[in-house]
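Chemist: Have a look at the structure that comes next, please.
The values are calculated or read from the model by the stated rules, or taken from the named source; none is laboratory data. Predicted, not measured: the structure shown is a model, and the values here were computed from it. Neighbour counts run over all protein chains shown; Cβ positions are idealised from the backbone, glycine included. Note: areas computed on protein heavy atoms with side chains; ligands, DNA, RNA excluded. Shrake-Rupley method; radii C 1.70, N 1.55, O 1.52, S 1.80 Å.
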Amino acid sequence: MARDASDSSIVESRDQLIAEIASGSKPESAFRIGTEHEKFGFNIADLSPVPYEGPRGIERILRLMEGLLGWQPIEDRGLIIGLVDPVGGGAISLEPGGQFELSGAPLETIHQTCREIHAHLAQVRECAEPLGVGFLGLGASPIWSLAETPVMPKSRYEIMSRYMPKVGTRGLDMMFRTCTVQVNLDFSSEADMVKKMRVSLALQPVATALFANSPFLDNRANGLLDNRAEIWRDTDNQRSGLIPFVFDEGFGFEAYVDWALDVPMYFVKRGGMYHDVAGQSFRDLLAGRLLGLPGERATLSDWNNHLTTLFPDVRLKKYIEMRGADAGPWRTLTALPAVWVGLLYDGSALDAAWDLVKDWTAEERQALRDGVPKTALATPFRGGTVRDIARQMVEIARSGLVARARLNADGHDESVYLEPLREIVASGRTPAERLLGEYETSWNRDIGEVFRRYAY
């Protein structure tokens with residue numbers, strides 16, 4: 001996330017929070033696609049991580065990007081921590097360990113997303129390569145320990161770093177050593193939101209399996225195909241996971257708000273100051289009795305910032321965020337929005353996806369989430385495997401993209417971006433398994449080869 005919300009309107013009631021999320025509803029003609037992707041920076045000469053400061057650091061790259069793009073800088077205590085495009089709506093931000101993120105502009109087609117990704121990666125190379133810096137798309141940092149990983153100077157991350165070890169064993173790994181690709185999509189009504197949330201949560205482990213691309217951690221292959229997904233299984237289970245209440249009868253905006261109100265806060269921002277209130281209740285802030293800031297009242301900024309600190313596999317704000325996939329090669333950066341747009345933005349495809357998952361039990365959904373970090377597409381399910389579900393999922397998405405009929409200049413619809421996933425399903429081999437195959441053969445078990453061969 002690039003920049004905190006900045007609406008100081010006082011929240012008078014819980015109903016106002018419900019209305020705030022509901023206000024994201026929009027006609028289908030206004031639906032957009034927002035793609036986010038993260039990558040690890042590394043020094044090409046020795047494969048070491050890139051620090052924030054210094055003549056070849058992240059700060060320098062951000063300043064060069066500022067000059068190249070003309071975007072506005074985002075600062076925290078006088079230090080640049082991101083850039084924002086005031087016209088198009090895109091942004092560049094830093095994750096805690098220096099992961100470089102593009103939060104893409106809201107676009108109409110995946111063809112536009114493809115152009116955006118290519119332009120961004122070219123711009124990053126233009127600024128970083130003269131400094132001897134490269135970038136790698138992988139779900140988890142393959143060789144650096146947590147102690148070796150740099151720390152970015154963002155106030156919110158300092159608060160999170162202190163709190164994470166109190167609520168899980170892998171929170172710092174999540175913050176500093178993982179990268180993802182996500183897509184943000186719209187809903188037209190409460191009923192549309194509910195259906196999309198349920199389909200997305202049920203199928204999110206299948207997406208995790210398809211995009212599994214993190215078989216290395218701490219400079220070894222540790223038997224997992226998706227270390228990022230495994231790390232999320234014990235980060236902070238009060239604010240992450242499959243949030244099974246979404247499948248309860250009567251779920252809607254109100255139920256999500258009630259859940260969010262009960263997830264402990266991290267911080268309250270006033271002016272440029274982040275106040276550490278980690279573990280305290282948003283309900284108390286709403287009532288003006290927060291122990292950490294007695295007398296302060298909740299603002300819409302506080303609420304929208306709080307929503308960004310919830311980490312379920314599918315997150316609801318004024319739009320829906322798909323959060324289950326590893327970062328990877330550039331082709332997967334368009335495949336991720338393609339599969340979800342295909343599933344969710346065509347009515348017939350959404351109906352077919354719901355038919356696929358509607359009788360799955362909470363226990364089955366959780367078993368998928370728990371199993372795919374290790375076995376990905378080979379994870380057992382109802383007498384078959386996740387690969388069987390993935391095949392149906394990708395074909396439903398293909399039908400949805402064909403029906404959307406958004407053509408590029410060559411006359412191709414958006415289903416062309418599903419080709420990497422169709423190849424994965426056909427072969428049964430995830431990106432992680434291909435990396436492991438190379439590691440055992442042509443790499444001579446040197447994990448550093450992943451930087452040399454797969455940098456953007």
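Chemist: Of all the accessible heavy-atom surface of region 234-387, with the other protein chains kept in place and a 1.4 Å probe, what percent is carbon and sulfur?
Modeler: Numbers: 2810 of 5540 Å².
The C+S portion of the solvent-accessible surface of region 234-387 is 51 percent.
Chemist: Can you pull the three principal axis extents for the Cα set of region 8-101, in Å, largest first?
Modeler: The principal-axis extents, from largest down, are 54, 32, 25 Å.
Chemist: Can you send over the solvent-accessible area of residue 148, 1.4 Å probe, protein chains only, in Å² to the nearest 10?
Modeler: In the full protein context, residue 148 sits at about 110 Å².
Chemist: On to the next question. What value does region 307-346 have for Rg/Rh, both radii from Cα atoms and Rh as Kirkwood defines it?
Modeler: Numbers: Rg = 11.4 Å, Rh = 11.4 Å.
Here Rg/Rh amounts to 1.00.
Chemist: To the nearest 0.05, what FRET efficiency results for residue 254 and residue 48 with a Förster distance of 41 Å applied to their C-beta separation? Intermediate values should be presented prior to the final figure.
Modeler: Values: r = 49 Å, r/R0 = 1.20.
Rounded to the nearest 0.05, the efficiency is 0.25.
Chemist: Sticking with this structure for a sec: Could you tell me what a quarter of the Cα convex hull surface of region 188-232 works out to, in nm² with one decimal place?
Modeler: Details: hull surface 15.7 nm².
Mean shadow area of the hull around the Cα atoms is 3.9 nm².
Chemist: Could you work out the per residue convex hull volume over the alpha carbons of region 350-456, in cubic angstrom? Intermediate values should be presented prior to the final figure.
Modeler: Working: hull volume 15.1 nm³, N = 107.
Cα-based convex hull of region 350-456, divided per residue, equals 141 Å³.
Chemist: Same structure, new question: Could you work out the relative contact order of region 117-250, using alpha carbon pairs under 8 angstrom and six or more residues apart, expressed as a whole percent?
Modeler: Numbers: 124 pairs, mean separation 46.5, N = 134.
Computed value for region 117-250: 35 percent relative contact order.
Chemist: Placing +1 at every Lys and Arg Cβ and -1 at every Asp and Glu Cβ, with all other atoms neutral, what dipole size does the chain have around its Cα centre, in debye to the nearest 20? Don't jump to the answer; show the numbers that get you there.
Modeler: Values: 50 positive and 63 negative charges, 98 e Å.
Dipole magnitude for the chain comes out near 480 debye.
Chemist: Treating only the Cβ of Lys, Arg, Asp and Glu as charged (+1, +1, -1, -1), what charge dipole size does region 209-341 show about its Cα centre? Round to the nearest 20 debye.
Modeler: Numbers: 14 positive and 17 negative charges, 95 e Å.
In total the dipole reaches around 460 debye.
Chemist: Now, a different point. Once the whole set of protein chains is in place, how much accessible area is left on residue 187, using a 1.4 Å probe, in Å² to the nearest 10?
Modeler: The value for residue 187 is about 0 Å².
Chemist: Right, something else. Using a/c under 1.5 as the rounded threshold, could you call region 139-184 rounded, prolate or oblate? The axes a ≥ b ≥ c are square roots of the C-alpha gyration tensor eigenvalues, and prolate needs a/b larger than b/c, oblate otherwise.
Modeler: Cα axes put region 139-184 in the rounded bin.
Chemist: Oh, and also: Among rounded, prolate and oblate, which fits region 166-325 when a ≥ b ≥ c are the square roots of the eigenvalues of its C-alpha gyration tensor, a/c under 1.5 means rounded, and a/b larger than b/c means prolate? Intermediate values should be presented prior to the final figure.
Modeler: On the way: a/c = 2.29, a/b = 1.30, b/c = 1.77.
Oblate is the answer for region 166-325, as a/c is 1.5 or above yet b/c matches or exceeds a/b.
Chemist: Go ahead and run the numbers for FRET between residue 30 and residue 440, Cβ-Cβ distance against an R0 of 56 Å, rounding to 0.05. The partial results should precede the final answer.
Modeler: Working: r = 49 Å, r/R0 = 0.88.
For R0 = 56 Å, the calculated efficiency reads 0.70.
Chemist: Which of the following values of semi-axes √(5λ) of the Cα gyration tensor in Å was calculated from the structure shown: (1) 40, 24, 21; (2) 80, 28, 21; (3) 30, 29, 22?
Modeler: Derived directly from the coordinates: (3).
Chemist: What FRET efficiency, computed as 1/(1 + (r/R0)^6) with R0 = 22 Å and r the Cβ-Cβ distance, is obtained for residue 115 and residue 318, rounded to the nearest 0.05? Please report the intermediate quantities before stating the final value.
Modeler: On the way: r = 25 Å, r/R0 = 1.14.
In this case the efficiency is close to 0.30.
Chemist: A further question on this structure: Past 20 Å, Cα to Cα: identify those pairs from 26/318; 196/317; 195/318; 166/317; 39/166; 26/358, in the order given. Provide the component values of the computation, followed by the final result.
Modeler: Details: 26/318 10 Å; 196/317 13 Å; 195/318 15 Å; 166/317 26 Å; 39/166 27 Å; 26/358 25 Å.
Pairs exceeding 20 Å: 166/317; 39/166; 26/358.
Chemist: Are there trypsin sites (Lys or Arg not before Pro) in region 409-449 that DSSP marks as loop and that have at most 14 other Cβ atoms within 10 Å, and which are they? Provide the component values of the computation, followed by the final result.
Modeler: On the way: sites: 422, 429, 434, 445; in loops: 429, 445.
Filter output for region 409-449: 445.
Chemist: With every protein chain left in place, what is the accessible area per residue of region 225-345 in square angstrom, probe 1.4 Å?
Modeler: Numbers: 3740 Å² over 121 residues.
Roughly 31 Å² per residue, with all protein chains present.
Chemist: Could you work out the helix-only [θ] at 222 nm for the chain, with each DSSP H run of four or more residues adding -39,500 (n - 2.57) and the total divided by the number of residues, to the nearest 500 deg cm²/dmol?
Modeler: Helix-only estimate at 222 nm: -13000 deg cm²/dmol.
Chemist: Find which of 381, 343, 455 sits farthest along the positive direction of the dipole of region 318-456, computed with +1 on the beta-carbon of Lys and Arg, -1 on that of Asp and Glu, about the Cα centre.
Modeler: 455
Chemist: What is the local net charge at residue 240, summed over the other residues whose Cβ is closer than 12 Å to its Cβ (Lys, Arg +1; Asp, Glu -1)?
Modeler: Numbers: positive: 170, 233, 239, 315, 323, 369; negative: 234, 236, 313.
Every neighbour counted, the sum reads +3.
Chemist: Using Cα pairs closer than 8 Å and at least 6 residues apart in sequence, work out the relative contact order for the chain, in percent.
Modeler: Details: 886 pairs, mean separation 94.3, N = 456.
With pairs under 8 Å counted, the relative contact order is 21 percent.
Chemist: Given labels modelled 7 Å from the Cα in the Cβ direction, how far is it in nm from residue 19 to residue 308?
Modeler: Modelled inter-label distance: 2.4 nm.
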